[in-house]
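Have a look at the structure below before the remarks.
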Amino acid sequence: MNPPATLVEYGTTIDPQLMVTPPDAATLELETGHPGENDAEYIRRREDLFALCRKHRLEQLGPPLLDYNAEETRIWREVSPKLDELHLKHACRIYLDAKRDLAITRDEIPQLRHLSERLQRETNLHLVPAEGALPYRTFYEYIAERGFPVTQFIRHGSHPEFTPEPDMIHDCLGHVPPLMNRDYAELLVLIGKAVAATNKGEQVLALKRFSWFSIEFGLLEEVGEVKVFGAGILSSTGEIPFSLFSPDVTRRPFETEVVINTDYDPSRMQDHLFVAPSFSFLRCELEHLLQRFGIQV
Ligand SMILES: [Fe+2]
């Protein structure tokens, strides 16, 4: 069994109950045990990208155009065809259409600047360059302003199918394509606005769980079949088949009351999943939840 796509997720925590978030670090910090922690060249590249993306984020310059190096391209060309095969079989139609329309291919690492320009025209969203995981409130505040934070670094080549942190493969092959869909885009922005509008811990936790079991690990019913739309699943060769076929996974209809009371562990393969009938259903459910919470956006 492959490890999960990510151990620490944007806007979530090792302990979601405590809502401990990564600090807004000004320099790169690889966690202990990171596959690249002893690779000086990898660390140098990550430091350069960290500084560049942080500058572009803070100065609102949009994603920088990058010259990806040979090793980064090699990793992309190793991982993306495997994911592509799985996507063709198991991703929801909206995702597949968007991936085609964005011209994301197996051969070349896309420039996030170009993807951002296309999204802007399609759903009025844009990509925000992120140097790494952001504090959850910062992350959702960007989303509330119709910006989606994305990384531009690539995982270490010693474990191409695993990353202990969200990287560009997770963001670009998981999160970006559904942003082309209007219902999905508005659902996401509503989550961002809601989190930005409340300071109540139990409400933030409920919204994080709603997001986790939809945006990150959501399944979708499509013409009688269960398909994948969650980014955490779509960016992991192990998690796609596990989510759909493992007998260890419970798949239940998306009921908001159940979802917001279900805990999750970002450090493992996800064994509790929810199947939504559509993005517009999720948006309606979220609107009702915000009414109940008295959150005005
Ligand atoms: Fe993610």
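Distance between the modelled labels on Glu78 and Glu108, one decimal in nanometres: 2.3 nm (7 Å Cα→Cβ projection).
In plain terms, the residue of Asp171, Asp265, Asp67, Asp248 with the fewest other Cβ atoms within 10 Å comes first and the most crowded comes last, giving Asp67, Asp248, Asp265, Asp171. Label region 148-235 by shape, choosing from rounded, prolate and oblate, from the square roots a ≥ b ≥ c of the eigenvalues of the Cα gyration tensor; if a/c is under 1.5 it is rounded, and otherwise prolate applies when a/b is larger than b/c, oblate when it is not. Oblate. Among Tyr184, Tyr142, a tally of other beta-carbon atoms within 10 Å of each Cβ gives an order, fewest to most, of Tyr142, Tyr184. From the Cα gyration tensor of the chain, with a ≥ b ≥ c the square roots of its eigenvalues, which class applies: rounded if a/c is under 1.5, or else prolate if a/b is larger than b/c, or else oblate? Rounded shape, in that the Cα axes give a/c under 1.5.
Close amide H contacts of Glu222 (hydrogens built in the peptide plane, cut-off under 5 Å, sequence separation of 5 or more or a different chain): Lys227. Applying 1/(1 + (r/R0)^6) with R0 = 25 Å to the Cβ-Cβ distance of Lys200 and Glu255 gives a FRET efficiency near 0.70.
With the helix formula -39500 (n - 2.57) applied to DSSP H stretches of n ≥ 4, the chain reaches a computed 222 nm mean residue ellipticity of -13000 deg cm²/dmol. Comparing Ser236, Ser280, Ser214 in a Gaussian network model of the chain where C-alpha atoms under 10 Å apart are linked, the largest mean-square fluctuation is found at Ser280.
Legend: ranking of residues Phe148, Phe162 from fewest to most surrounding C-beta atoms inside 10 Å; resulting order Phe162, Phe148. With a ≥ b ≥ c taken as the square roots of the eigenvalues of the C-alpha gyration tensor of region 27-73, please select rounded if a/c is under 1.5 and otherwise prolate if a/b is larger than b/c or oblate if it is not? Here region 27-73 falls in the oblate category. Reducing region 131-175 and region 237-252 to their Cα centroids gives an inter-centroid distance of 23 Å. What translational D, rounded to a whole number of µm²/s, comes out for region 57-151 from Stokes-Einstein when the hydrodynamic radius is the Kirkwood one over Cα pairs, at 25 °C and 0.890 mPa s? Rounded, D is 166 µm²/s. Within straight-line reach of Lys99, meaning a Cα separation under 24 Å, sit the following lysines at least 8 residues removed in sequence or on another chain: Lys82, Lys89, Lys227. Extending 7 Å from Cα along the Cβ direction at Ile43 and again at Phe245 yields two label points whose distance is 4.1 nm.
Would you be so kind as to identify all helices of the chain, as entire DSSP H runs, whose Cα atoms reach 20 Å or more along the helix's own axis and whose mean Kyte-Doolittle hydropathy is at least -1.0?
Helices meeting the span and hydropathy rule in the chain are 40-58, 182-197, 279-293.
Coordinate-derived values only; no laboratory data. Keep in mind that what you see is a predicted model, and the values were worked out from it rather than measured. Cβ: placed from backbone, ideal geometry, glycine included. Neighbour counts: every protein chain shown.
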